[in-house]
Structure formats: structure tokens, C-alpha cells
């Protein structure tokens, strides 16, 4: 349901869905059309909030910097503060409590909570049980190379003949085989094996999940060997529809309210403020 990444660092930057296509297969540039998105947010009609007095959010507590317990045992993180910001935008009371990961959706289905904000990926499997709001960030795919690698431009043409490491049986492997047909795709059983291959020069590039790669690049195990090359790849067919808030099936009123709150928080700069607070580095 949710992919867990190694918690090697707390330095990543999320992106809301203000992206536009650029030249090069699948690459997008963050921030383009941001002004248009903000104007669109301001044009969204205000839903009926008359009977909405409180939103009870649940999350888990072991996924920093998104949701975790701080040194004093207080629940905090990007998702937690976003939930509170949404309640503030909607002028409703707010509660955010932690439950075990395997209890998040049951808590929603059993009426113990109104919404789950725990970095849940939108998927067909979960959509059979719950509904989702609009996505509030995506996790793109990225290329990583040794810092000494002179290749800067990332296109199928520029990587022709190059060896690209990837984890087997992943969307990243499928994407490479569909679009980077001139490259030698070298598959590994685990991400650790693929990273080691890059560090040892067995492959020229590594292609994988931008979030986990950012953790690695900013962690001790990479030893400062590598860096991102090229831009993000975000095709939903391969890399999903993004991360969103889960709500009870059929609760259109709550979904409209939360979507309205997300747009207000985005257009007013509050989501960007949370980005800067929790994620000083970008994987976009």
C-alpha cells in the first residue's frame, strides 16, 4: 500500500502537482504553470462547509519527516502539519492521532476517523475500499550518476550504449525497457546492489525512486559519490497518480472540502512553507 524508504536522512523536497511536460521523454520541470495553478485554485467554488465542524485525521508515527514522534514524544511531520493547515483553512476543529500502519484504513472504514493522511499512494487496490482527495505530492523517478560522469543531458539518445542499473520487477525497469531501448539495462535484485554497482562503476547510471535516492544521496552510505542527473520522470502509467488523503467511500462532501482546503493552502503559500520547513533539498 505504501512503499517504505530507508530513513537515512530527513532532507527531501516534495512537489505538489504543479508540473508541465518538457522536452525529453517523460521529464517535467517543477514550478512551471504555478501561476496558472494558483489562479485556478482561486476560481474553485467554495463547497458547503456548514455542517463540517471537525476533521479527525489519523496517520502513523514512524515515517519521518512525513509523520513521526519528536524527541518529546509529540506527533509531528509534514503530513501532520498539513492536516492542521487544512483545518485552519477550512475553519474547522482538527485532531490528528497516530495509529499503527495496518490500522489506518480500518479506522477509516469503521468510523473511528474521517481521513487518513499518511503518504498513501493512490492505487486501484485501495480505491476499492476508500476514496481519495486530489494528490498533494508525487514521488518521481530520477537518474543518478557518479559526480565524475560527464553526461549531463538525460535523454534516450544521450544514454545510448550506456549501462543503467535498476531494481528488477519495478516500474522503473519497465520504463527503461520501453523508452531507453538503446541503453543496456542492468537489473539487480535489491536497491542496495544497484547502488553498489553505480559506486563501483559497473553501471553508468542508476534509475529509481527519487525519494529513496534522495535519502541515499544525503546519507552516510553514499559517501558523497553521486548526484541527480536530468529532471524528474512522473508518468502516472508507470509511477502512479501521486500521494493523497484517504476518506470514506462515497463521502463527496468531505472530499470537496479537503480539496478546497488543499487549493487554498497551495495558493496561499502554506504548502510551500511546509516544504521549506521539512524538506530543504529537492528530489525534483
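Structure values in brief
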read-out: Chain lengthening between residue 193 and residue 227 when straightened (0.36 nm per residue, less Cα-Cα); value: 10.5 nm
read-out: Average projection area in nm² (convex hull over Cα atoms of the stretch 141-238, one quarter of hull surface); value: 5.5
read-out: Gain upon complete extension [residue 237, residue 249; 0.36 nm per residue less C-alpha separation]; value: 2.0 nm
read-out: Gain on full stretching of the segment that runs from residue 112 to residue 48 - 0.36 nm per residue minus C-alpha separation; value: 20.7 nm
read-out: Cβ-Cβ FRET estimate between residue 71 and residue 97, R0 fixed at 22 Å, reported to 0.05; value: 0.70
read-out: Fewest-first ranking of 90, 276, 262, using other Cβ atoms within 10 Å as the exposure measure; value: 276, 90, 262
read-out: Residue 127-residue 179 pseudo-label distance in nm [points 7 Å out on the Cα-to-Cβ vector]; value: 2.1
read-out: Kirkwood Rh, angstrom, the stretch 100-200 [1 / mean 1/r, Cα pairs]; value: 16.8
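Every read-out reported here was derived from the displayed coordinates using simple, explicitly stated rules and does not represent laboratory data. From a predicted model like this one, the values you see are computed outputs, not experimental measurements. Methodologically, a virtual Cβ is constructed for each residue, glycine included, from the backbone with ideal geometry; neighbour enumeration extends over all protein chains shown.
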